[in-house]
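The values are calculated or read from the model by the stated rules, or taken from the named source; none is laboratory data. Being a predicted model, the structure only gives us computed values, none of them experimental. Ideal geometry is used to build each Cβ from the backbone, glycine not excepted, and the neighbour counts take in all protein chains shown.
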Amino acid sequence: MDKPLPNSHLVQDMSCQVCGASRFKIFLPATHTNLSSISPDYFSPYNSSRGHFQIVECSDCKHLYCTPIVDFTNLNYRNAPMDFLIDAIPWKEISASRNLKFIERYTSRGKLLEIGSGLGAFLSAAAKRGWQATGIEPNAEAVKYLKEIGLDVTEGMFNSDNYPDRSFDCVVLDGVLDHLVDPRTVIEQCHRILKPNGTVFATVCHGRGLLPKIMGRRTLFFQYQHLNYFSRKTLITFFRSLNYTVLKISPNLVTYPVNYYFKWIENSIPLAKVLAKQRMLNRVTWTLPVGNLEIVVRKC
């Protein structure tokens, strides 16, 4: 883990993605301070090791974000193993169907693009509900799996140049926006490829929610893979500054077997590790808000 890196130049300072300011105060110190001496594997989005970059609060708009960071986005999201997520697909599809019902209050079923499709729960649910759904996903293993089950997905990082103007009714970023080094550019690009009155649906970690207030530094989503921690206020400001109208923002609900929830917190709470192994809890499901926000916005 402490092996020196030839690519330490990937350490970079960040400014606020909501208002552009570079003045901040430290919210949480970094788990490791010498970022250039840490192996890129340690920053994998699916590394079970706990840790996070320095989290700061913007002095102007109070948005929480990470700086400095190590940008291994391309490497890690392309190569991360995905097989351990397969068991969760049926449960993720239940949550995705609920999210689609939420979207359909504001957008008629049409052409949908999902940025960061993972193992396809959202794409699959959208296709079953009558959407013409396509996805973009950087992970080669995931793309191979998605194509094998008949979903329309392209391997790579999102680039709006690959899509015509005004070609989608809805763009989805489910648990993606807070992973991005430059979310402003991505959402700006979405504006061009959306049809008039097209919508964006996104879910993000709620950086000012109840969970971080209770658990502090032990909060599950304070991890290297997350670079921005939006609040309700900063998420609304972010989209409005990019020429979108906010239609609805609310807690995001997920549905999983009870033992899944205990697996998420087993590194923070010793009893959770015991409960996570109880097979009987695999037969009971809970639908809960687990610390995320969901938002639907319309292109102005």
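Table for the structure above
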{"quantity": "Conditions (1) of a type outside the set (D, E, K, R); (2) modelled with pLDDT of 85 or more; (3) touching an Asp or Glu at 6+ places or on another chain (Cβ under 9 Å); number of the one not met by ALA272", "calculated": "(2)"}
{"quantity": "Residue check, ARG232 exposed (fewer than 14 other Cβ atoms within 10 Å of the Cβ), at pLDDT 75 or above and at negative phi", "calculated": "no"}
{"quantity": "Residues (under 21 Å from LEU194 (Cα atoms) and among the charged types (D, E, K, R)) located in region 116-150", "calculated": "ARG129, GLU137"}
{"quantity": "Matching entry among ARG184, ARG208, ARG192 (being under 19 Å from the mean Cα position of the chain (by Cα) and over 15 Å from ILE295 (Cβ atoms))", "calculated": "ARG184"}
